[in-house]
Amino acid sequence: MKDDMKRVDLPAMMSGDTDTTALVEMLKQDRRIQSLLERTGMPKDLPEKKPYTFLRWLKQTEPCRGCRSLQECRQPVKGHYKDLAYNGILVDALSACRYQREKNRSEKHLENYLVSDLPSRLNAVTFKTLDAGTQDAAYMQTAMKCMKACSENKGVYLYGSMGSGKTHLAACACNTRAIAGDKVAFIHYPSFCMRMARSVSGNEYESELRRLQYARFLVIDDIGAENVTEWNRDAILLPLLNERYEEGLATWFTSNEDLTTLRQHLMFNNRGKEEEIKAERIMERIRCMTIAVELVGKDRRTA
């Protein structure tokens with residue numbers, strides 16, 4: 001029966017050349033209207049009672065015809081369309097399209113992020129989404145090490161050249177843990193340091209620091225790229241690592257620096273003062289909390 005259904009000729013209907021009786025008959029034969037009635041459980045005679053409301057609905061959903069992705073969306077609110085709902089009376093509603101619903105399902109785990117500097121392009125990546133066919137053997141070997149450490153709740157210090165894919169692998173781990181139900185956090189460390197400095201006057205930084213201290217899984221992305229100050233090193237980073245070490249909470253780092261050059265980086269504050277002991281305190285924590293994993297290879301951001 002549905003195969004015999006037609007679509008209302010919208011240009012003709014909107015021109016005003018068709019009377020109400022003809023409109024009702026055309027609405028009855030339109031497969032989109034029939035699908036709407038079935039989906040919402042509306043009375044079958046509603047199009048007869050409110051034909052121009054249903055005609056308006058057809059016009060509002062017209063931009064969705066032939067759409068193949070969220071990127072192609074032509075609606076005013078991306079991924080959503082003006083819909084009709086029925087709760088005894090016919091009411092307007094805003095509904096997510098199937099592509100938006102798929103996106104919402106794939107990003108449900110983001111509700112488990114206590115703090116997130118995660119780039120939106122990495123919202124849904126996991127170890128399962130890695131395409132072995134497009135990556136070299138060395139990269140996949142490193143990915144397997146990271147996946148094993150993630151499943152065993154071990155910390156990782158992931159280092160390598162810029163663009164080698166460190167942040168992507170760390171995001172895979174963080175999302176994997178969030179999907180499993182853990183409360184997680186992902187911070188871009190240079191941005192985090194600037195955010196902490198801006199909020200210090202009102203002590204707002206303390207609440208974010210507490211969330212990071214107790215997240216079940218934490219990624220500190222791009223450590224070694226920040227401007228070191230005595231405050232962000234000794235009053236922020238060291239207490240954060242101390243608390244997580246004492247609680248046995250998994251912490252991951254990504255860096256362009258290996259452990260030796262990171263130590264050099266942390267030794268000098270923004271005034272150029274050398275403070276070897278303070279740097280070593282932090283390095284001792286990182287070495288105790290993580291296994292060092294090097295990621296070598298091409299710049300995957302330009303490949």
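Yes/no matrix, rows are residues, columns are (1) among the aromatic types (Phe, Trp, Tyr); (2) more than 25 Å from MET267 (Cα to Cα); (3) crowded, with 21+ Cβ neighbours inside 10 Å:
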| residue | (1), (2), (3) |
| --- | --- |
| CYS172 | no, yes, yes |
| ALA180 | no, yes, no |
| GLY202 | no, yes, no |
| PHE217 | yes, yes, yes |
| ASN232 | no, no, yes |
| THR251 | no, no, yes |
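Determine which single condition ARG121 fails, assuming it passes every other condition in (1) more than 13 Å from the chain's Cα centre (by Cα); (2) modelled with pLDDT under 95.
For ARG121, the exception is condition (1).
Which pairs turn up if I take residues in region 246-264 that are over 22 Å from LEU212 (Cβ atoms) and look for partners that are not aliphatic (A, V, I, L, M) with beta carbon separation below 6 Å, at least 6 apart in sequence or on another chain?
ASP258/TYR159
Residue under question is GLY155, and the condition is that it be at pLDDT below 95 and crowded, with 19+ Cβ neighbours inside 10 Å; does it hold?
It is false that GLY155 is at pLDDT below 95 and crowded, with 19+ Cβ neighbours inside 10 Å.
Of all residues being surrounded by 15 or more Cβ atoms within 10 Å (Cβ to Cβ) and hydroxyl-bearing (Ser, Thr, Tyr) in region 54-92, which is farthest from THR21 (Cα to Cα)? Just the residue, please.
If we take residues in region 54-92 being surrounded by 15 or more Cβ atoms within 10 Å (Cβ to Cβ) and hydroxyl-bearing (Ser, Thr, Tyr), then TYR81 is farthest from THR21 (Cα to Cα).
Give the residues of region 274-292 that are over 28 Å from the mean Cα position of the chain (by Cα) and either touching a residue at least 24 places away in the same chain (Cβ under 8 Å) or closer than 24 Å to SER161 by Cα (or both), sorted by residue number.
Answer for region 274-292, where residues must be over 28 Å from the mean Cα position of the chain (by Cα) and either touching a residue at least 24 places away in the same chain (Cβ under 8 Å) or closer than 24 Å to SER161 by Cα (or both): GLU275, LYS278, ALA279, GLU280, ARG281, ILE282, MET283, GLU284, ARG285, ARG287, CYS288.
Any chance region 53-68 includes a residue that's basic (Lys, Arg) and in a helix (DSSP H, G or I)?
Yes, region 53-68 contains a residue that is basic (Lys, Arg) and in a helix (DSSP H, G or I).
Restricting the search to region 131-149, which residues are touching a helix residue (DSSP H, G or I) at 6+ places or on another chain (Cβ under 6 Å) and at pLDDT below 95?
Matches in region 131-149: ALA132, MET140.
Any residue at all in region 167-174 that's under 18 Å from ASP258 (Cα atoms) and of a type in the set (Gly, Ala, Ser)?
The answer is yes; a qualifying residue exists.
The values are calculated or read from the model by the stated rules, or taken from the named source; none is laboratory data. Fair warning: this is a prediction, and the values are worked out from it, not measured in the lab. Methodologically, a virtual Cβ is constructed for each residue, glycine included, from the backbone with ideal geometry; neighbour enumeration extends over all protein chains shown.
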